[in-house]
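To keep things clear, I will list the structure first and then write my remarks on it.
Read-outs throughout are calculated quantities, based only on the coordinates presented, and are distinct from any laboratory measurement. What you see is a predicted model; the values in this text were computed from it and never measured. Don't worry about glycine lacking a Cβ; one is built from the backbone with ideal geometry, like all the others, and counts go over all protein chains shown.
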Ligand code: BES
Ligand code: MN
Ligand code: ZN
């Protein structure tokens, strides 16, 4: 566990193994690298020669850049890590700082204590630096017997800040980053150790810790209440499916938010089996469920004044003699009949059940989060999530919350003309439609299960939930914790509004 604290002392005087400072590309196109606010004390300890040293080893100050120089005894610390913050005029962008703090702390791995002397000018930038640092100090080591390359994450972070009222900012940053790192852990856990029964048990213990009431529907209860989508998807697996309901109902809440998260603990495709390569990252197919779980707990820990009903359908999508077949018809929760033409379009089946059930709570807003379609990543790449909705205002609010939280999300339409592609020859609905616009078709399928008059939004995080590329900023390889920060931010803004 990494600890974080604030200090208003001079960065050059604090006990540390490394000091992280910010640099910019200067004010004009011909200027060299310039120091960002916060770096002056360190520069003074270098006798004013820090920019010269950095320039000599090629630092430019571009956002994303990380340059390490030894202190040669100029400071108590062994090294200064300079993170690029881009153009001098843009340094106030909290997300640039969040990424810079994350990249700096990642580069500091192998050292124990890091001091961050970054340009903090208020609560928003303080929050960003704390979040970025804590997110950058992440490592998933549950299955390692020796630390990889002997560079464990920084364990003690000190943020230099003279900000007053900083206690709440720090508490919020810790709660939110804890939720993100928990989501990453769950996503990174091998699927044999996080099957639906285990995932539900994790949800129960976390809910209890957060003081949130929780109920688990096992396969018998799912059958009794007619959750045909969840049971159908789970039918091929040795581990039975679950539906977890978390209910956070603080006194004085004027608004209730319904959340649903896709919890496919492994997606083999089922009988419509995926090719081997497409299966490699499919332990991450519960990332939406993990994000909803962790965010709901964070909302509880923070005591936000908003009611939350979170529904987490959990199943393992496996092929076997008991699995559903392409052309089988499922009776979903609420009675709609769905012809399953492709068992790999399983997320919408478990989410359909959960959305129908969540709608019965009559929430003021309903939001689902899912690694739903490969088409999402084809359309928006691996860092931007797609947001669809039956309500333009709500979709805009979700995207605005993402912007404030520093997550990349983009509006996507639900084109009416694609809806007929989901018509079935024999049932109410088929589970696949047009291949073109696959992300939107999946959204249209989900829309069928949302209760009349409920503003609903759907977040497809298939790309951003799992980083199979290189680490960057505060984002590690593997599970990223996508959507968690947006969910907490959205709950906060609804609670305040
Ligand atoms: N879990 C996958 C979507 C996915 C793909 C998430 C890649 C993350 C990375 C989902 O269940 C799926 O298999 N979707 C199919 C739908 C198709 C059969 C209509 C897809 O996207 O190919
Ligand atoms: Mn699938
Ligand atoms: Zn899936």
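Overview of values
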| read-out | value |
| --- | --- |
| Sorted peptide list for 37-49, 438-450, criterion being average Cβ within 10 angstrom, highest first | 438-450, 37-49 |
| Cα pair count fraction exceeding 16 Å, expressed as % - segment 377-497 | 65 |
| Centre separation in Å (Cα based) which lies between segment 147-226 and segment 340-381 | 22 |
| Euclidean distance between Cα centres, segment 257-303 to segment 412-467, Å | 18 |
| Spatial extent of the chain: Rg and Dmax, with the Cα atoms as the point set, Å | 23.7, 79 |
| Counting DSSP beta bridges with both ends in the chain, the antiparallel % (nearest 5) | 40 |
| Contact order normalised by residue count of the chain, Cα under 8 Å, 6+ apart, percent | 15 |
| Pairwise label distance in nanometres, residue 221 with residue 9, each label 7 Å out on the Cα-Cβ vector | 5.3 |
| Calculated [θ] (222 nm, deg cm²/dmol) that DSSP helices of n ≥ 4 give over the chain, each run adding -39,500 (n - 2.57) | -10500 deg cm²/dmol |
| Segment 147-245, relative contact order in percent, only Cα pairs under 8 angstrom and at least six apart counted | 25 |
| Beta bridges per DSSP with both ends in segment 351-497, % antiparallel, nearest 5 | 45 |
| Mean projection area, nm², convex hull over Cα of segment 237-326 | 6.8 |
| Sorted peptide list for 224-233, 428-437, criterion being average Cβ within 10 angstrom, highest first | 224-233, 428-437 |
| Peptides ranked, highest mean first, by Cβ atoms within 10 Å: ranges 175-187, 377-389, 61-73 | 175-187, 377-389, 61-73 |
| Percent of C-alpha pairs per 5 Å bin, segment 29-113, short to long | 3, 14, 26, 26, 21, 9, 2, 0 |
